[in-house]
1. Could you list which residues have their amide H under 5 Å from that of A:Thr56, counting only those 5 or more apart in sequence or on another chain, with H placed in the peptide plane?
2. Does region A:3-84 come out rounded, prolate or oblate, given a ≥ b ≥ c as the square roots of the eigenvalues of its C-alpha gyration tensor, rounded meaning a/c under 1.5 and, failing that, prolate meaning a/b above b/c?
3. With charges only on Cβ, +1 for K and R and -1 for D and E, what is the dipole size of region B:1-112 about its Cα centre, in debye, rounded to 20?
4. Dipole size in debye (nearest 20) for region B:10-73 around its Cα centre, Lys and Arg Cβ +1, Asp and Glu Cβ -1?
5. Please list the radius of gyration and Dmax for chain A, considering alpha-carbon atoms only, with Å as the unit.
6. Once every DSSP H run of n ≥ 4 in chain B is given -39500 (n - 2.57) and the sum is divided by its residues, what mean residue ellipticity at 222 nm do you get, rounded to the nearest 500 deg cm²/dmol?
7. Quick check: Cα centre of region B:35-53 to Cα centre of region A:113-152, how many Å?
8. Shielding by partners for C:386-392, please: the mean number of other protein chain Cβ atoms within 10 Å of each residue's Cβ.
Amino acid sequence: MSTTHVLLGLLAAGNRHGYDLKRAHDTRLPRARPLAFGQVYATLGRLARDGLVVATGQERESGPDRTAYALTGRGREELDAWLAAVEPPAPYVTSTLFAKVVVALLVADVDTARAYLVAQARAHTDRLRELTAIKTAPTATLDDVVAADYAIVHLDADLRWLRTTLDRVADWHREVHP
Amino acid sequence: MTQLAARGVVKAYGPTPALRGVTLDVAEGEIVAVTGPSGCGKSTLLHCLAGILRPDAGQVTWRGERIDTWSEAARSKLRRTEFGVLFQFGQLVAELTAAENVALPLLLAGTGRREARAAALGWLERLDVADVADVRPGRMSGGQQQRCALARALVTEPRVLFADEPTGALDTLTGEQVLTHLVRLARQQHTSVVLVTHEPRIAAYADREVMLRDGVVDTTGLGLERPFAGERR
Amino acid sequence: MRPATLLRLALAGSRTDVVRVVLTTLSATLATLAGLAALTVLAIPTPPGGDPYARSEQYASALLREPGLRGGTAFALLLLTVPVLALAGQCARLGAPARDRRLAALRLAGATPGQVTRVAIAETGLAGLLGTLVGLAVYLGGRALLHRPDARGRLPLPTDVLPSTPVILAVVLGLPLVAALASALLLRRVSTTPFGVVRRAARERPPGPWAGVLILGGLAAFAAIDPVQDWYRDRHQEQPALLLPALLLAGGLAATLGVVIGTGWLSYTAGRLLHRSARRPDTLLAARRLTADPWAGSRTFAALLAAVIVGGGAVGVRANISAELELRRLTGAGIAGDDNFYLGTLDLVDLAVGVALLIAGGGLVVALVEQIAARRRAYAALVATGVPRATIGRSIAWQAFAPAVPAVAVALTVGLLLGWGVTGGGTRPGGYAQEICDAGAQLCGDPATRAAYTRTEWVSVTPDVPLAQLAGVGAGALAAVLVTVGVGLLFLRASTAVEELRAG
């Protein structure tokens, strides 16, 4: 995952210590899985070993020791290279959703596959509504909106696929079981 | 409490059935999305609920009173005072400025010209289009036009807002801004909304989604065996 | 592009295209008939014998019998083509949005701008040709049917002569050619892109009242007729043969054009005044529409106004001739001929004006229906939001009458002044000196005493301003507008059907 590069990016804005980095990560990526402290420190350790970040000193404020880290020149280069690299547009369909429908058709009948598709579409629709509510809440920040949008368009794509596949499921079954 | 209801509404255009017995309740302040593929009868349902079309059979009630039996004049007045309507495009009068378009329903209700203009400007302000108040629709962007149309639909503070593919002619972001305004203002005013759309993402703005298929409400969830004739637009 | 392809594309059109083509054909037919009638009158040969003023006694009507009158008759017939041509111009505008879409679709399919223009020209030219051919057929048929000598063997119409074949050919082929060229000229300002038609010169700027200059010029040309003739008579010179027709034609066209263009200014001004005082949605809608496209009034009312001008002119001429006849009854001097001849002729002119008003009314209906059809989506949306159809209907009525009433008044005035200009009356007191003896038969009978009791009086009859007749013509024109609005409102019902709202 890109947690490494997100941390590098956060450090590019200024020196931070581990706890700060975790908080900034969770605020900027509100819909992502929250980062664990252990993961933050492990990642920082690896980055320091590779010379991408460097510890700049310790401060002690009513708590445990906190080591602040700074981005090195090599760290900056690595970050720029990552930002410049285009992500390959998903070459293989690896969604669990897709796999499940295929397997359902192989081992069960049309109705089972359809029941699964309907249930899945409902779950998607509910989640879509939740995310839309979060997005349109008067208190929503642009961070929330952009993150929700990302999830929404993916759910929307899944939903369109689910509904179209529902209409095709009988023909598809005939093809799988000639 | 149910504000607006359809009971077994049937409507056909000549030999082509559009609605084959649709029952639907809209509660006060509720936002209901009516979805379904093209030609499923969702626009026709909206027109019947809004009293624009008279159903061939079944009833449409507004606060417990049957309105499908009312005269055109009475339904016209109901639409003018209690309902607001928003279409996909082309509803603004091309020769009138934005402010005049928005003021039109108030002028019809007999409000003075100055007062109507002040109210119209207030609504344009709330929809962030005050800067085009004296511009004609032809010189506005699609999003600005649609916001003016929304302002016109809301200027009489209606009890129900009918929106038929209100973002259909807009790009994603612009459409979203219009919808966000629509939902926010409807919630503020406790206005019910009937939102017709074929897009799941737009329907997600509603409290509830009702799916139509071939002129009836799809109660099985989604599944209906038929060949792909999907949502071509 | 093969001619067959061109023909097929030119004839592929919607219902409005058909309406336009039919009206273009009809106006071409009428223009052909008027033109051929005028040429037939001119083709009447002078009877042999060397006398240039010899009468052609085979005709019942003095208009045809007297060589001196035939020129005027032919000219009057040609003048009748003015409202017809105005109607033709109006027809070209009909269904323009639909045609523009069709032409744009052709461009999208790969046609070059030149090919698209050729398609549009071919459509007009073919419709015109069809019209002139129908006109020729009607003319030839009418000639055979109306060849009915009366008891004294005299013909009511010159059905015994035919214009020469080249002349007939010139009319039948020339009119469509002129129509096609005119449409090419109109399309020069239009560039058809694959995405629709872009009018290069946007007419956003409100029209100025400079149309008044044209009107004044036209009136001046007519007013100059008498002084110019006097000038030549004073010098005992023969005036150039073409001077009078040129003055009449140029003056008439300038004045008509001025009134039609001036309607744009009137529409705009009426719209502004209406907007200032508009308290209700119907007046507001009408006012904004008038200021948004003031030229719509010019386009819509062109034929009607031309007919009204001719009507006003006829009223003016009739008033002057009535005054002359009255004068002759008083003095025994003045114009020659019998009353019935002049008044009968004027009745014919009135009939022609009535026909012209009817033609113009037809054009008006189609133009208005077209305007409503172009706005049907907005109208349907208004009705859906609860705007009563009556409000929309009233706005359409305001939109028609606000410019029509002043424009008709101006047209009547201009027509009246033109009519007075032709007959040289109205503006100048006309009269004759008359000797009057009122001392009784005995004294007056005696040449000796007669001189003492005789005085000379200047007898004149000032023609009245024929308000009643003018009001009649004006009322006829406004009635045509009223009927048109009525038809438009019927059409509005269909246009506001909820089907128009489908996203489609």
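1. A:Ala68, A:Tyr69, A:Ala70
2. oblate
3. The calculated dipole for region B:1-112 is roughly 300 debye.
4. In total the dipole reaches around 220 debye.
5. Expressed in Å, the Cα Rg and Dmax of chain A come to 22.3, 72.
6. After summing the helix terms and dividing by the residues of chain B, the value is -10000 deg cm²/dmol.
7. Answer, in whole Å: 26.
8. That average works out to 6.
Bear in mind that the values in this text are calculations on the coordinates, not laboratory data. Since we're looking at a predicted model, the values are computed, not measured. Cβ sites come from the backbone with ideal geometry, for glycine too, and all protein chains shown count toward neighbours.
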